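Engineer: Attaching a single structure in structure tokens format; questions to follow.
The values are calculated or read from the model by the stated rules, or taken from the named source; none is laboratory data. In this text, all values refer to a predicted model and were calculated from it rather than measured experimentally. A quick note on method: Cβ atoms are made from the backbone with ideal geometry, for glycine too, and the neighbour counts reach across all protein chains shown. Each accessible area value is taken on the protein alone, full model and side chains, heavy atoms only, with ligands, DNA and RNA left out. Shrake-Rupley method; radii C 1.70, N 1.55, O 1.52, S 1.80 Å.
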Amino acid sequence: MRDADALHLGRALDDRVHAHHARDALEALRGRGLDIRLGARVTGAEISGSGSGRSVGVAYLGDGNNVCHSLLRIAGRFGMHATVATPPGYEPADEVVGAARGDAERLGGSVTLTQDAREAAAGAQVLYTDVWTSMGQDDERERRVRDLAALRIDDALLGLADADGGVLHC
């Protein structure tokens, strides 16, 4: 499914989804082109405590690709605070950011874009990243590794995140 299709489908899920427990909402998203495993991992950070992912602060570091798009849509639907750090030219699609931001703000969350990994990681409960070179991008590998190097999750970046937080990788 294309990101644009997932975006339209995500918008089609009406506000009734917000009235249900986070696990019910994840079930409603199943098969809709959004990464359910990603949603379960991210919302699971809070589900185990309060039953709602609304207070989760998640930072995505890397390419603003399909994984980033899925994370943004899920974060928006659950009113999370999501910060995406990408290098110039790797930003997520404007229409995905706009839809996620609208959903998040309506539910008390937020969506922030930055190029600064330290800003994104500061206080985040979840640091999330993806591979830097996907299948079919072999000819771009060297450039992508160079462009994304500043977003590497290392001890210094972990030290900025919430002490009880975690790291997820697609």
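Engineer: Can you give the Rg to Rh ratio of region 122-170, both from alpha-carbon atoms, with Rh computed by the Kirkwood formula?
Structural biologist: Looking at region 122-170, the ratio lands at 1.07.
Engineer: Moving on to the next point. Within 10 Å, count the other beta carbons around each residue, average over each peptide in 78-88, 118-128, and list them highest first.
Structural biologist: 78-88, 118-128
Engineer: Just for the Cα atoms in region 75-170, what are the lengths along the principal axes, largest first, rounded to whole Å?
Structural biologist: Principal axes ranked by extent give 41, 33, 20 Å for the Cα atoms.
Engineer: While we're here: Peptides 130-139, 144-153: what's the order by average Cβ count within 10 Å, highest mean first?
Structural biologist: Packing proxy ranking, top to bottom: 144-153, 130-139.
Engineer: Now for a separate question. What whole-number distance in Å separates the alpha-carbon centres of region 88-122 and region 138-170?
Structural biologist: 17 Å
Engineer: Ordering 170, 68 by accessible area with a probe of 1.4 Å, largest first, what comes out?
Structural biologist: Listed by decreasing accessible area, they come as 170, 68.
Engineer: With every protein chain left in place, what is the accessible area of residue 140 in Å² (1.4 Å probe, nearest 10)?
Structural biologist: 60 Å²
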